[in-house]
Every structure is written in structure tokens, then in C-alpha cells.
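The values are calculated or read from the model by the stated rules, or taken from the named source; none is laboratory data. The structure displayed is predicted, hence computed values, not measured ones. Positions of Cβ are generated from backbone atoms using ideal geometry, with glycine treated the same way; all protein chains shown enter the neighbour counts.
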Amino acid sequence: MMSHTFNQGINMQEQSYINKAGLTISALASLYLSSVFFLGMSEGLTAVVFLAVGIASELGKYASVVIATTHHDSGNKRVAVRYFAVTAILVLVSVAGSAASLLATDTKPKTKHTDLESRIADIDQQINIELLAMERAASINAQTAGVAPARESIDILRTQKADLLKEKQEINLPDEKGMLALARDISVETGLSQERVQRIMAIVVAVLLEGLCLFFAVANAATTFTAEEVVTTTQGNEVSPGGSDEGSKENSENQNQHEPDKFESLVAAIRSRELEPTHENIRVFMAMQSGKVKEVKERLKAKNVVVESSGGRLMPV
């Protein structure tokens with residue numbers, strides 16, 4: 001029995017490391033994207049203020065979800081709902097910031113490239129007009145004097161076009177890689193615009209990231225809580241070598257015998273105001289698993305030791 005509990009403790013420790021690593025990685029990714037979004041909302045000192053707001057919202061998101069989970073496990077449903085609502089609001093802010101950061105790209109080179117192409121097209125149109133005018137002037141003997149001005153105008157336009165083409169070649173357009181390339185391919189296959197596909201992909205990635213953040217935050221808190229229970233159980237189930245079954249049975253009998261004494265000690269501690277009747281305090285005092293605390297609370301209320309407030313909190317009578 002002790003060996004099984006010890007192995008369970010090791011597995012919990014390994015799971016705790018995994019949860020902490022996952023929480024750290026996902027939290028850093030979410031924090032970076034939110035920081036980029038809030039920092040880009042302004043310039044100078046105002047940008048620093050926005051950055052502070054973004055960091056605070058990220059930290060508040062994890063604090064609220066842990067508090068909400070703790071109150072939920074303790075039976076304080078109303079308080080838990082309030083904190084879950086706060087968590088939902090902060091998660092929406094984080095999703096919006098992450099999606100906006102994923103969509104944010106440097107559009108200046110592309111805009112300039114498009115502008116140059118438009119200007120070059122206008123010059124080509126003017127050149128065609130001048131060529132037509134020159135042909136008409138050359139076809140009429142009386143107006144041959146108009147050929148020279150048209151030719152000069154065409155030369156000027158061609159020089160301007162050459163300068164614009166050179167400037168266009170010097171622009172370094174970003175290569176479409178990663179999400180942009182995938183969005184382009186999906187756009188071709190589905191018929192949706194590339195911009196719309198990019199928005200959908202950014203939202204999906206942002207929601208996935210926030211889901212991972214919340215999952216690892218809750219899992220990390222739960223694993224830590226369970227690990228404490230395993231340590232308590234291990235300490236309570238120590239046996240002598242060669243007598244694991246008998247020792248485990250004896251410890252179980254002793255625990256059952258001493259449980260009423262522990263409960264009476266708990267009642268005395270609460271009535272003397274030495275112990276606040278919170279979920280965690282009761283669990284530690286009774287050295288029991290979290291799931292059994294609710295039964296103890298009911299016994300305390302039945303014995304008129306505590307009363308439950310409107311917020312689900314136990315108060316000494």
C-alpha cells in the first residue's frame with residue numbers, strides 16, 4: 001500500500017513538472033502577443049501604460065481562474081461564479097490581443113509596391129496617348145510640327161517609368177510563409193478572401209492558446225493540491241518492513257479510531273476561534289483528502305458549530 005502511494009507521489013511530481021512547463025510556455029506566448037498588441041496601441045509613455053495594462057490583465061487571468069477553482073472546490077459556488085466571470089472577460093481581452101498581434105504585419109512595403117504599380121500603369125496610358133497623337137500628326141503633312149513635342153513627351157514619360165521600375169525593384173516584399181502561405185492556399189481552395197481566412201486562423205490560434213493557458217493553470221493547481229494529499233497519505237501509512245499488509249490494516253484501524261477525536265478537536269478549535277473553518281484549514285487539520293471535507297462541513301453544520309453564509313462561507317456560531 002505504501003509502495004503504491006509512493007509511486008503515485010512520484011507520478012504526481014512528474015505530472016506537476018509537465019503542467020508547470022506547459023503553463024510557462026503557453027503563458028509566455030500569450031503574454032508576448034498581448035504585450036505586442038497593447039504596446040502598439042500608442043507611442044511613448046502612453047504605450048508603456050498600455051503595456052502595463054496588458055501585463056496586468058494576463059496576470060489577473062491566471063489569478064482569477066485559480067481563485068475561482070479553489071472556491072468551487074470549497075463549495076463557495078457564488079464566489080466561484082463571480083471569479084469565473086472575471087476570468088471570462090480577461091480571456092476575451094487576451095484572445096483579442098493575441099489575434100490582433102497575429103494579424104499585425106508591416107504593410108508599408110506592399111502599399112508602396114502597389115502605389116508604384118499604379119503610377120507605372122498611368123504612365124503607360126499617357127505614353128499610349130502620346131504615341132497616338134504623334135501618329136496622327138505624322139499622317140497629316142500640315143501638322144508634322146506636332147511630332148517633335150509628342151516625341152519629347154514620350155521620352156520624358158519613359159524616363160519616369162524607368163525610374164519607377166527601378167524603385168519598385170528595390171522594394172523588399174516579405175515572403176509569404178507560415179500562416180500567410182497557408183491562408184493563401186486555403187483561400188484558393190475555398191474561394192474565401194485571403195484576409196478573411198487569415199482572421200479566422202488568427203482567432204482559432206488565439207483561442208487554442210488561451211485554452212492551453214487555462215488548462216495548464218487549472219491542472220497545475222489541481223496537481224499541486226493532490227500532491228499535498230498524497231504526501232499526507234504517505235506519512236499516515238508508514239509501516240514497518242516485512243509487514244506492509246498488517247501495518248496498513250493497523251494504521252487504517254488506528255485512523256478510524258482517532259477520527260472522532262480529531263473531529264472533536266476540530267470542533268473545539270473552531271469554537272475557541274483558534275481555527276477558521278475554511279476548506280483548506282479543515283482538510284489540513286483532519287489530514288484527509290479534499291473530497292471528504294464536504295462531509296465534515298455537513299457534520300459541523302449539523303452540530304451547530306458553524307453556519308453557512310450567503311456566499312457559501314462557513315462562520316463559527
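For every residue, the table says whether it meets (1) in contact with a strand residue (DSSP E or B) (Cβ under 8 Å, 6 or more places away or on another chain); (2) of a type outside the set (Ser, Thr, Tyr); (3) modelled with pLDDT under 85.
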site	(1), (2), (3)
Phe6	no, yes, yes
Met12	no, yes, yes
Gln15	no, yes, yes
Ser35	no, no, no
Val49	no, yes, no
Ile55	no, yes, no
Thr69	no, no, yes
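Could you tell me which numbered condition Leu192 fails, if it satisfies all but one of (1) assigned to a helix (DSSP H, G or I); (2) at pLDDT 85 or above?
Answer for Leu192: the failing condition is (1).
Taking into account only those residues within the stretch 12-56 that are touching a Cys at 6+ places or on another chain (Cβ under 7 Å) and not hydrophobic (A, V, I, L, M, F, W, C), which is nearest to Leu90 (Cα to Cα)?
The selected residue is Ser30.
What are the residue pairs meeting all of these: first residue in the stretch 252-273, first residue assigned to a helix (DSSP H, G or I), second residue at pLDDT 85 or above, Cβ atoms under 6 Å, and 6 or more apart or on different chains?
Lys262/Met286; Leu266/Phe285; Val267/Val305; Ala269/Leu275; Ile270/Pro277; Ile270/Val305; Ile270/Pro316
Scan the stretch 83-94 for residues that are more than 12 Å from the chain's Cα centre (by Cα) and either surrounded by 16 or more Cβ atoms within 10 Å (Cβ to Cβ) or at pLDDT below 90 (or both) and jot them down. Show your work before the answer.
Looking only at the stretch 83-94, we keep the residues that are more than 12 Å from the chain's Cα centre (by Cα), and these are 83-86, 89.
Those that are more than 12 Å from the chain's Cα centre (by Cα) and either surrounded by 16 or more Cβ atoms within 10 Å (Cβ to Cβ) or at pLDDT below 90 (or both): Tyr83, Phe84, Val86.
Residue by residue through the stretch 265-317, note down the ones that are more than 29 Å from Tyr83 (Cα to Cα) and surrounded by 11 or more Cβ atoms within 10 Å (Cβ to Cβ).
Within the stretch 265-317, Ser265, Leu266, Val267, Ala268, Ala269, Arg271, Lys303 meet the criteria.
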